[in-house]
Amino acid sequence: MFSILIIYEAENLQLLIKELKASIPDLDVHIWPKVENADNIEAILTWKPPLGIMAKFPKLKLIISLGAGVEEILRDPNLPANVPIVRLIEPCVTSRMTEYILLAVLRFHRQAFTYQTFQQARHWQALPLPETSSCTIGILGLGILGTDAAQKLNTLGFPIRGWSRTPKNIDGIECFHGREQLKLCLSKCRVLVCLLPLTRETKGILNRETFSAMPQGSYLINVARGQHLVEQDLLEALDSGQLSGACLDVFSQEPLPKNHPFWSYPQITITPHVATQTDSEYWTKPLIDTIRCFRGGLPLKNVVNRQQGY
Ligand code: NAP
Ligand code: GLV
């Protein structure tokens with residue numbers, strides 16, 4: 001018997017459980033908060049667990065993160081030291097994120113905001129069509145999501161600059177790494193996409209200094225975490241024209257409070273943390289693979305490095 005606890009609210013969990021049990025008959029699945037015997041739980045599947053909850057499960061051996069970002073798991077003060085945390089990676093999350101980024105980039109690149117104001121004023125005017133080759137896009141974070149977005153944007157002809165912690169070599173992408181190369185990376189970016197994990201090093205990275213290293217009138221897309229952004233610095237950059245707009249999917253406080261100034265900035269596009277999502281129907285295969293690997297003592301994939309925070 002292997003007992004797993006799901007701490008996540010989602011539709012179709014019963015269907016997921018049925019499929020899991022069909023493949024792993026001795027699996028015992030619980031859905032939080034209904035746990036008959038917390039002492040038996042060996043694995044937890046979660047994204048944003050209640051703080052301190054990990055102390056309740058003395059036999060915990062494996063944590064599987066439904067989120068690409070794991071900061072909500074790592075902040076638990078009772079996280080047992082030697083339990084591996086693995087991210088459940090499935091391709092749909094990546095393709096949906098890339099769709100969102102393509103939409104945001106193309107809306108900026110094809111002057112959608114200007115044409116919107118023209119339409120409101122019943123004004124007929126054609127603007128010169130911009131070349132993709134003249135719109136360099138910077139991607140902060142060249143992980144699973146950043147690399148896919150970089151490659152798809154590059155196939156449309158956008159020059160891409162990517163930034164990561166360690167050096168990378170990706171076909172068609174100009175790669176930069178480390179703090180010392182950040183400004184150099186930003187210097188030509190007309191659009192900046194943030195796809196970094198939230199860690200000690202990356203918190204507040206979208207700030208005045210970052211914006212001023214980019215060409216005037218650039219555009220920001222933040223699809224990572226709200227805490228990457230220094231909100232006041234964004235408002236100042238928009239007011240000064242250093243940035244011409246921003247597309248924000250994530251916020252320090254979610255839901256974004258009704259009285260937040262972002263709502264009334266016409267240059268800001270807001271979406272409610274929906275750039276990508278994973279649905280329970282896609283979890284079955286990667287979950288079965290992970291559980292089988294773990295129980296068979298095989299190397300786990302997508303293991304989080306706790307020191308690095310992602
Ligand atoms: P990932 O595969 O872990 O990739 C993270 C990337 O960030 C790596 O390239 C890493 O560099 C780089 N990085 C980390 N710390 C850095 C630092 N200090 N300086 C420079 N680069 C650094 O993560 P992912 O799966 O692509 O996901 C990225 C983030 O997207 C998640 O953490 C989450 O916050 C966000 N997200 C948002 C949504 C949404 O709906 N809005 C959905 C999913 C994910 P190395 O390659 O050198 O290690
Ligand atoms: C969503 O924001 C995630 O981290 O998967």
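Nothing in this text is a laboratory measurement; each read-out follows from the coordinates by a stated rule. Because the structure is a prediction, the values reported are computed rather than measured. Cβ atoms come from the backbone with ideal geometry, glycine included; neighbour counts cover every protein chain shown.
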* **Distance in nm between pseudo-label sites at Leu184 and Lys59 (7 Å out along the Cβ direction from Cα)** => 5.4 nm
* Taking Cα centroids, how far is the stretch 140-186 from the stretch 272-307 in Å? -> 25 Å
* Express the relative contact order of the stretch 92-270 as a whole percentage, based on alpha carbon pairs under 8 Å and six or more residues apart in sequence. => 16 percent
* Value of relative contact order over the stretch 182-310, rounded to a whole percent, pairs C-alpha under 8 Å and six or more apart -> 22 percent
* **Percent antiparallel among DSSP beta bridges (both partners in the chain, rounded to 5)** => 5 percent
* Links that overshoot a 22 Å alpha carbon limit, given the list Lys183/Lys203; Lys34/Lys59; Lys18/Lys56 -> Lys18/Lys56
* Asked: So what J values fall out for the stretch 156-165 if you push phi through Karplus, 6.51 cos²θ - 1.76 cosθ + 1.60 with θ = phi - 60°, rounded to Hz, Gly and Pro as x?
  -> 7, x, 6, x, 10, 10, x, 10, 9, 7
* Where labels lie 7 Å past Cα in the beta-carbon direction, separation of Met1 and Leu129 in nm -> 6.7 nm
* Asked: Measuring from a point 7 Å past the Cα of Gln308 along Cα-to-C-beta, which residues in the stretch 108-149 have an amide N at less than 15 Å?
  -> 141-147
* Given the rule -39500 (n - 2.57) for each run of at least 4 DSSP H residues, summed and divided by the residues of the chain, what is its mean residue ellipticity at 222 nm, to the nearest 500 deg cm²/dmol? -> -8000 deg cm²/dmol
* **Potential lengthening between Ser23 and Thr271 on full extension [0.36 nm per residue; Cα-Cα distance subtracted]** => 85.5 nm
* Structure fact -> If the chain between Lys285 and Arg208 were fully extended at 0.36 nm per residue, the gain over the current Cα-Cα distance would be 23.4 nm
* Structure fact -> Taking Cα pairs closer than 8 Å and at least 6 residues apart, the relative contact order of the chain in percent is 16 percent
* Structure fact -> One finds the C-alpha centres of the stretch 27-83 and the stretch 203-265 to be spaced, in Å, by 33 Å
